[in-house]
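Asker: Dumping the structure here so I can ask a few things about it.
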Amino acid sequence: MNTTPRRVRRAAVAAASAAFLPLALTACSDDSSDSAADSPSKSASAEPSKAMGSMTEPFGPACSSVPKDGKGSFDGMAKDPVATAASNNPALSTLVTAVKKAGLVDTLNSAEDITVFAPTNDAFAKIPKADLDKVLNDKAQLTKILTYHVVGQRLTPDDLKSGSYATLEKSKLTTSGSGESYKVNDSANVVCGNVETANANVHIIDTVLMPKS
């Protein structure tokens, strides 16, 4: 019997197997590489959430002056409505005096989901004393100025990047910036932003905002 055809077929099968094996190993290797490459991308995708989470925290140079504990601390302020929370922060004592003179304590404390741009004591000190005293004793004008610092929604840092918002005073203010640097009306800097109270987000600013007459 002639066995040559069988030997030829066996040789062909062996050759095909030899050719296929490296390809299969290469494919497996590629799959492993792809899987390994996928793992870092999953880890990387988790990083932005962590970074985004950090922006829920207060930010800015003046945040270091906020008390570390007690009612005037960030944790303490988060438990109280905004006017009460501000009254526990020593850097906002002039603002609190103005709010009381204007009779706005209950208005602010009972509002839901608002933003207050809160001028520091130093911001009020930029106003000549005679002018400040005059405003503090003019309830209508004082109310107009203070309500211009209040927006009827909670504004996050993302909202501050480029925005125009109606205020409680009825006219609009603008915001701009990025990262941890923001301005209101291109004149006031946010020096401690994203301070949460029970009913408001507070962005502490270094200049008193003046509505158009």
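Computed from the coordinates by the stated procedures, all read-outs in this text should not be read as laboratory data. Nothing here was measured: the structure is a model prediction, and the numbers come from that model. Note: ideal-geometry Cβ built from the backbone for every residue, glycine included; neighbour counts use all protein chains shown.
Asker: For A62, what is the net charge nearby, where nearby means another residue's Cβ is under 12 Å from its Cβ and Lys, Arg count +1, Asp, Glu -1?
Answerer: Every neighbour counted, the sum reads -3.
Asker: Give me the one-decimal nm value for the distance between modelled label points at D159 and S187, 7 Å along each residue's Cα-to-Cβ direction.
Answerer: If labels sit at D159 and S187, their model points lie 2.2 nm apart.
Asker: Under a cut-off of 23 Å between alpha-carbon atoms, report the lysines in cross-link reach of K139, not counting same-chain residues fewer than 8 places apart.
Answerer: Result set, ordered by chain and number: K100, K101, K126, K129, K170, K172, K212.
Asker: Right, another one. Looking at region 61-205, what % of the alpha carbon pairs are farther apart than 28 Å?
Answerer: When every Cα pair of region 61-205 is considered, 11 percent fall beyond 28 Å.
Asker: Tally Lys and Arg at +1 and Asp and Glu at -1 over the other residues with C-beta under 14 Å from the C-beta of A198: what net charge comes out?
Answerer: -2
Asker: What is the Cα coordinate range of region 154-213 on the first, second and third principal axes, sorted by size from largest, in whole angstrom?
Answerer: Largest to smallest, the principal-axis extents are 30, 25, 19 Å.
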